[in-house]
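Peer 1: Just passing along the structure, written as structure tokens.
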Protein chains: 2
Amino acid sequence: MSLDEDKLKKFGFIERGPKDAINIDPLQTGGILTEDARKALLEWGDGYSICDFCGGVLDLIKKPPVYEFVHEALPEFIGTDEVRVTHGARESKFAVMHSMGKAGDTVVLDGLAHYSSYVAAQRADLEIEKVQSSGHPEYNLDPEGYAQAIEKATSQSGKPPALALLTYPDGNYGNLADAKRVADVCHEYDVPLLLNCAYSVGRMPVDAKKLGADFIAASGHKSMASSGPIGLLGVQEEYADTVFRKSSTNKNKEIELLGCTSRGAGLMTMIASFPQVVERTKHWDEEVTNARWFSEKVEELGLIQVGQRPHNHDLMFFETPPFYEISKTAKKGRYFLYKELKKRNIHGIKGGLTKYFKLSTYQVGRDNLSYVIDSFEEIIDKYTKE
Amino acid sequence: MSLDEDKLKKFGFIERGPKDAINIDPLQTGGILTEDARKALLEWGDGYSICDFCGGVLDLIKKPPVYEFVHEALPEFIGTDEVRVTHGARESKFAVMHSMGKAGDTVVLDGLAHYSSYVAAQRADLEIEKVQSSGHPEYNLDPEGYAQAIEKATSQSGKPPALALLTYPDGNYGNLADAKRVADVCHEYDVPLLLNCAYSVGRMPVDAKKLGADFIAASGHKSMASSGPIGLLGVQEEYADTVFRKSSTNKNKEIELLGCTSRGAGLMTMIASFPQVVERTKHWDEEVTNARWFSEKVEELGLIQVGQRPHNHDLMFFETPPFYEISKTAKKGRYFLYKELKKRNIHGIKGGLTKYFKLSTYQVGRDNLSYVIDSFEEIIDKYTKE
């Protein structure tokens, strides 16, 4: 309690930085708020703002239309019988793992899974069995790998895995595996499948029923133009009573959600952006066209796109030998690229990376993508002609 | 995906309602954003906004000063060796229970514990042993009750409880138990103590070291003028390695936090409000004076404050026989009070309650509290003189 004024001066309102940059950060392109969401943020920003309207179960609130959103619109949007709002995709994954598995059970993860899938499994005390990808350069996942992993886990532990997970797409290469086939393989062994859709739901059409997925984890801050932390957990009927089991002492509270999750600004920004989010998923083909076009153009500059080709997602991973060569002699070393891009108001490639990096073309548009391509060319020219 | 336009029209930006009401809702008085926090909300509202500055561990970010906030200011503020930001007090409680207990272990809860403490224990598969309060009218907790509960749990299960919890204050009566004495009792049995400070940290001075608490759960949206979901988890050194254990596969990620928690608007509003939050805790005595004064005045109208007397917290529970009598014959029945208060721009007493209700005087100020008292009187007069 002896926090003196000097220390406190560091806190308070802090500016974020330039606001008009062209953003190609994969973490951010799908999370930028719509105008409606920005308005909702201020309107509902106070702690517990939405609880005014709550009779004890947040997702049953009729006005604002939380009930319709959570129990009608979202299930239709992602194709699961039930949906709940969570704090994010990782929290959704943990909720499923913790409900479906017992300590010592196995979860099968794809070899491209996000670190948070590992950490969620570890928090739930599950063993992990990996399905390896084909490795460089395409990093493809063979759905039959799930059969092998399930058989291996079963023979090692004496019981089948509690769950399988597929990252759809993965967050490194933006690869979209054949989820339908993976689901079929898992179901042959009666193993339910969780799709981690942090980079898909809200960007592209995802229908869990069509894909055969039993669970969906989605991210509001990553792909649904929402102010985080917020995500979705979709569950098919068969497992809804397990994951959304209720408390014996507090009959209307769902244990796995600790009774209540996102309440206030996050949820209201998700609702605010939702009409535009639904709309943008209908134009996914244009986004894929832009991604492929961008990839082709920068490959002409000597960059090499790894992962699936032709690519099916806005998130792409590039090996970048021209930039690496420059970094060996540039004054600012491996930070030269970050500084050159910053000067040109391009945001989203991590400082210090020159050998490879990932980026996203989502919602950036042809004009801005052209500008990014031209900037890459300019930078290469500048240093190689010095 | 067949969400038609009619359905989507219901979503988008939604207004919250009148903004200038006098708010006496216990859930909300401590969570109203400061001006700085409102600015921060817009500045950092986009999903993952803060991740621009992250090298892999969010709470190590130097600029903005997340590191200093989480690792220096907050530990000093609440008196624990370590602090992490979580999604809220309930998530903090679950993290502690899940780390400290094994399935089948016991947690001791005070009889006034919030429902989320029960649900957190159930999610962690813990048995619950309750310390009963003295009941009506003061609902006091005898610290010695913890000794009895610990002994009972130990004799029943053959091992001591993994944890004890005290709600400080409880969310129904606003009672502040003798936490220091409870800690001493628990420590005599080597049982660590978690204080649920959702209604105290950010409102009043709390020093875990002075109180002897091993863990603190706090709430940003409830008591730290932050946009939720956000909370704090404070842990003393002895248990820090247990609760903040790291992943074997992802060495810098803390398992119990799934690697990362609040990122973006929530955290930045907490940082924005922090200087004012620290300052307001220094004026807690004035808040207690106001609460006692308010209680005295409404008791003159026939209301009866239950819970500790004289009261030590802004959250108070009143039995309200005058309103109950009116509700028996009033045209709008038990909703008359809600409507009368709404007309007078007073917000925060749940619709339909007339026999009893809780309210909070926190940061409402004498003038507005006078207006609330006068309104209560006016309403009673209006109906009893009809």
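Peer 1: Kindly put A:Phe69, B:Phe215, A:Phe244 in sequence by how many other C-beta atoms sit within 10 Å of each C-beta, fewest to most.
Peer 2: Details: A:Phe69 22, B:Phe215 27, A:Phe244 17.
With the fewest neighbours first, A:Phe69, B:Phe215, A:Phe244 line up as A:Phe244, A:Phe69, B:Phe215.
Peer 1: Could I have the simple spin-label model distance between A:Arg181 and B:Glu377, label points 7 Å from Cα toward Cβ, reported in nm to one decimal?
Peer 2: Inter-label distance under the simple model: 8.0 nm.
Peer 1: Fewest Cβ neighbours within 10 Å first, please rank A:Val119, B:Val66, B:Val306, A:Val201 accordingly. Provide the component values of the computation, followed by the final result.
Peer 2: On the way: A:Val119 25, B:Val66 22, B:Val306 19, A:Val201 32.
Ascending Cβ contact count within 10 Å gives the list B:Val306, B:Val66, A:Val119, A:Val201.
Peer 1: A further question follows. If eta is 1.306 mPa s and T is 10 °C, what Stokes-Einstein diffusion coefficient results for region A:13-119, Kirkwood Rh from Cα pairs, in µm²/s? Write down the numbers at each step before the final one.
Peer 2: Values: Rh = 17.6 Å.
Stokes-Einstein gives a translational diffusion coefficient of 90 µm²/s.
Peer 1: I need the helices of chain B that pass two filters: whole DSSP H segments spanning 18 Å or more by Cα along the axis, and mean Kyte-Doolittle score no lower than 1.0. Don't skip to the end; give the middle numbers.
Peer 2: Details: long enough: B:144-157 (20 Å, -0.86); B:265-281 (23 Å, 0.66); B:284-299 (22 Å, -1.23); B:365-384 (29 Å, -0.52).
Correct list, ordered by number: empty.
Peer 1: Moving on. Below 8 Å, C-alpha to C-alpha, sequence gap of six or more: please give me the relative contact order for region B:35-280 in percent.
Peer 2: Numbers: 523 pairs, mean separation 66.8, N = 246.
Once divided by the residue count of region B:35-280, the mean separation gives 27 percent.
Peer 1: Share of antiparallel DSSP beta bridges in region B:35-280, in percent to the nearest 5? Write down the numbers at each step before the final one.
Peer 2: Values: 11 of 27 bridges.
If we restrict to bridges inside region B:35-280, about 40 percent are antiparallel.
Peer 1: Rounded to the nearest 20 debye, what is the charge dipole size of chain A about its Cα centre when +1 sits on each Lys and Arg Cβ and -1 on each Asp and Glu Cβ? Can you show the working numbers first?
Peer 2: Details: 47 positive and 56 negative charges, 269 e Å.
Roughly 1300 debye for chain A.
Peer 1: Output the Cα-based Rg and Dmax of region A:183-311 in Å, rounding Rg to one decimal and Dmax to a whole number.
Peer 2: 18.5, 64
Peer 1: So for B:Lys93, A:Lys382, A:Lys9, A:Lys253, fewest C-beta neighbours within 10 Å to most, what's the order? Spell out each step's value before the answer.
Peer 2: Values: B:Lys93 32, A:Lys382 13, A:Lys9 9, A:Lys253 19.
So the residues, fewest neighbours to most, are A:Lys9, A:Lys382, A:Lys253, B:Lys93.
Peer 1: With the crude spin-label approximation of a point 7 Å out along Cα→Cβ, what separation in nm comes out for A:Lys152 versus B:Lys159?
Peer 2: For the pair A:Lys152/B:Lys159, the computed spacing is 3.3 nm.
Peer 1: Further question on the same structure: Any idea how far the Cα center of region B:223-244 sits from the one of region A:20-72, in Å?
Peer 2: 24 Å
Peer 1: Please tell me the relative contact order of region A:32-100 in percent, rounded to the nearest whole number, where contacts are Cα pairs under 8 Å and at least six residues apart.
Peer 2: Values: 28 pairs, mean separation 9.2, N = 69.
With pairs under 8 Å counted, the relative contact order is 13 percent.
Peer 1: Still on this model: What is the local net charge at A:Lys350, summed over the other residues whose Cβ is closer than 11 Å to its Cβ (Lys, Arg +1; Asp, Glu -1)? Please report the intermediate quantities before stating the final value.
Peer 2: On the way: positive: A:Arg334, A:Lys358; negative: A:Asp25, B:Asp52.
Combined, the nearby Lys, Arg, Asp and Glu give 0.
Peer 1: For peptide B:253-259, compute the average count of partner chain beta-carbon atoms within 10 Å of each residue's beta-carbon.
Peer 2: Details: counts 5, 2, 8, 3, 3, 14, 8.
Average neighbour count from other chains, rounded to a whole number: 6.
Peer 1: Still on this structure, please answer the following. Just need the relative contact order of region B:292-378 here, percent rounded to a whole number, with Cα pairs under 8 Å and 6+ apart. Write out the running numbers ahead of the final one.
Peer 2: Values: 102 pairs, mean separation 26.8, N = 87.
Reported as a whole number, the value is 31 percent.
Peer 1: List the distances, in nm and shortest first, from the label point of A:Asp367 to the matching label points in every other copy, placing each point 7 Å from Cα along the Cα-to-Cβ direction.
Peer 2: Here A:Asp367 shows inter-copy label distances of 5.0 nm.
Peer 1: A further question follows. So if each residue of separation counts as 0.36 nm, and I subtract the Cα-Cα distance between A:Asp81 and A:Lys210, what length gain in nm does that give? Could the numbers behind the result be given before it?
Peer 2: Numbers: separation 129, 0.36 × 129 = 46.44 nm, distance 1.26 nm.
My answer for the length gained is 45.2 nm.
Peer 1: Express in % the proportion of alpha carbon pairs of region B:35-280 at distances exceeding 23 Å. Don't jump to the answer; show the numbers that get you there.
Peer 2: Numbers: 14300 of 30135 pairs.
Roughly 47 percent, rounded to a whole number.
Peer 1: First measure r as the distance between the Cβ atoms of A:Lys355 and A:Lys385, then evaluate 1/(1 + (r/R0)^6) with R0 = 22 Å and state the FRET efficiency to the nearest 0.05.
Peer 2: On the way: r = 22 Å, r/R0 = 0.99.
Working from the Cβ atoms, E equals 0.50.
Peer 1: Every other copy gets compared here: list the nm distances from the A:Lys9 label point (7 Å along Cα to Cβ) to its counterparts, shortest first, one decimal.
Peer 2: 5.6
Peer 1: Using only C-alpha atoms and all pairs of different ones, pull out the Kirkwood radius for region A:285-349 in Å with one decimal. Please list the in-between numbers first.
Peer 2: Details: mean 1/r = 0.0767 Å⁻¹.
The Cα-based Kirkwood calculation yields 13.0 Å.
Peer 1: Rounded to whole Å, give me the distance from the Cα center of region A:77-142 to that of region B:183-206.
Peer 2: So the separation of the two Cα centres works out to 35 Å.
Peer 1: Could you sort out which of A:Lys93/B:Lys7; A:Lys159/A:Lys251; A:Lys222/B:Lys9; A:Lys93/A:Lys339; A:Lys10/B:Lys93 sit more than 26 Å apart by Cα distance in this structure? Could the numbers behind the result be given before it?
Peer 2: Values: A:Lys93/B:Lys7 29 Å; A:Lys159/A:Lys251 33 Å; A:Lys222/B:Lys9 23 Å; A:Lys93/A:Lys339 37 Å; A:Lys10/B:Lys93 29 Å.
Among A:Lys93/B:Lys7; A:Lys159/A:Lys251; A:Lys222/B:Lys9; A:Lys93/A:Lys339; A:Lys10/B:Lys93, the Cα-Cα distance tops 26 Å for A:Lys93/B:Lys7; A:Lys159/A:Lys251; A:Lys93/A:Lys339; A:Lys10/B:Lys93.
Peer 1: For A:Glu300, project a label point 7 Å along Cα to C-beta. Then give me every residue of region A:332-374 with its amide nitrogen under 19 Å of that point.
Peer 2: Once the point is set 7 Å along Cα→Cβ of A:Glu300, A:361, A:365-374 turn out to lie under 19 Å by backbone N, inside region A:332-374.
Peer 1: Assuming R0 = 35 Å, can you tell me the calculated FRET efficiency for the pair A:Leu8 and B:Lys342, based on Cβ-Cβ distance, to the nearest 0.05?
Peer 2: On the way: r = 38 Å, r/R0 = 1.09.
FRET efficiency, A:Leu8 to B:Lys342: 0.35.
Peer 1: Another question about this same structure. Determine, from the Cβ-Cβ distance of A:Lys102 and A:Ser370 and an R0 of 60 Å, the FRET efficiency 1/(1 + (r/R0)^6), rounded to the nearest 0.05. Could you put the intermediate results ahead of the total?
Peer 2: Details: r = 54 Å, r/R0 = 0.89.
Plugging the Cβ-Cβ distance into 1/(1 + (r/R0)^6) gives 0.65.
Peer 1: Report the net charge of residues surrounding A:Gly365, where surrounding means a beta-carbon distance below 11 angstrom and charges are Lys +1, Arg +1, Asp -1, Glu -1. It would help to have the intermediate numbers written out before the result.
Peer 2: Details: positive: A:Arg366; negative: A:Glu286, A:Glu287, A:Asp367.
Spelling it out: positives minus negatives among the neighbours equals -2.
Peer 1: If you build the Cα gyration tensor of the protein assembly as shown and take the root of 5 times each eigenvalue, what three semi-axes come out, in whole angstrom, biggest first? Present the calculation step by step, with values, prior to reporting the outcome.
Peer 2: Numbers: eigenvalues 421, 172, 137 Å².
Semi-axes, largest first: 46, 29, 26 Å.
Peer 1: While we're on this one: For A:Lys339, go 7 angstrom from Cα along the Cα-to-Cβ vector, then report the distances to that same point in the other copies in nm, smallest first.
Peer 2: Inter-copy label distances (nm, one decimal, shortest first): 7.1.
Peer 1: In the protein assembly as shown, what % of DSSP beta bridges are antiparallel (nearest 5)? Please list the in-between numbers first.
Peer 2: On the way: 38 of 74 bridges.
Roughly 50 percent of the beta bridges in the protein assembly as shown run antiparallel, per DSSP.
No value in this document is a laboratory result; all are computed from the given coordinates. What you see is a predicted model, and the numbers here were worked out from it, not measured in a lab. Please note: Cβ atoms are built from the backbone with ideal geometry, for glycine as well, and neighbour counts cover all protein chains shown.
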